[in-house]
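Chemist: Structure in structure tokens, see below.
Values quoted throughout were computed directly from the atomic coordinates according to the rules given, and no laboratory measurement underlies them. If you're wondering where the values come from, they're calculated on a predicted model, not measured in any experiment. For neighbour counting, all protein chains shown are included, and Cβ atoms are generated from backbone atoms with ideal geometry for every residue, glycine included.
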Amino acid sequence: MAKEQGVSNDRKRELEKPDPFQENFLKTVEFIKNYKKQLIFMAVGFVAVIVIFSVVISNIKSSENKASLLLNDTLTQYIKTKDSKEDYLAVENNFSKLFEDYSNTAAGKIGKIKFAKICYNTSNYEKAYELYKEALSIFAYDSTMESLIFSSLGHTCLALDDVKEAEIYFKKIVSKKDALLKDEALFNLGMIAEKNGDKNASHDFYKKIVSEYPDSLYKAIAQNALE
């Protein structure tokens, strides 16, 4: 009987203990009551951040879409024409708008290279040089794009009759470990050396093409130059 009484008392004390869930719930209710205004401000602020973030993302997507459409339309317009001064002028305004309104979009960035190529093809070499330099700073993080731009700058400098600077850009490609267009850069360096009367340097560049780039389009030309 005493044992049963003891169990009953233990059970009674256990039942008298506050329920943990209920206790936490009451604490939460009390906290909300005491900090009601602050919590409302926090909730409003959180919602505002979400709304602002959504608007920003929406604007970015909208800008990207508009920029891509403008670039595609402009390139389509240019493809239908031939490389001439009139054709250059026909797309110049569109590219100006692209760079002014959508410079931070992917289309705005790649548009620098596209327009630079158009400028080169229409003999606007100084403008092409300027755009390629701008593109170089934009794509400095991208090794592949950097090599392509170095090559374009090299050819543009040759067109501007600035052989020394052209040589610098081609050598930048050659000095990079896994750069694209290394064989082309070596070929151009060989031609520059040959034009400068430095046959030894020219042969060294051509030999490198023959020995290291057996599948290069420039191998046959380099081989003939060595014979």
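Chemist: Under a plain spin-label model, where a point goes 7 Å from the Cα along Cα-to-Cβ, how far apart in nm are N72 and S211?
Modeler: 4.9 nm
Chemist: Sticking with this structure for a sec: Taking the alpha-carbon centroid of each part, what is the distance from segment 153-204 to segment 91-146 in angstrom?
Modeler: The two parts, judged by their Cα centres, are 23 Å apart.
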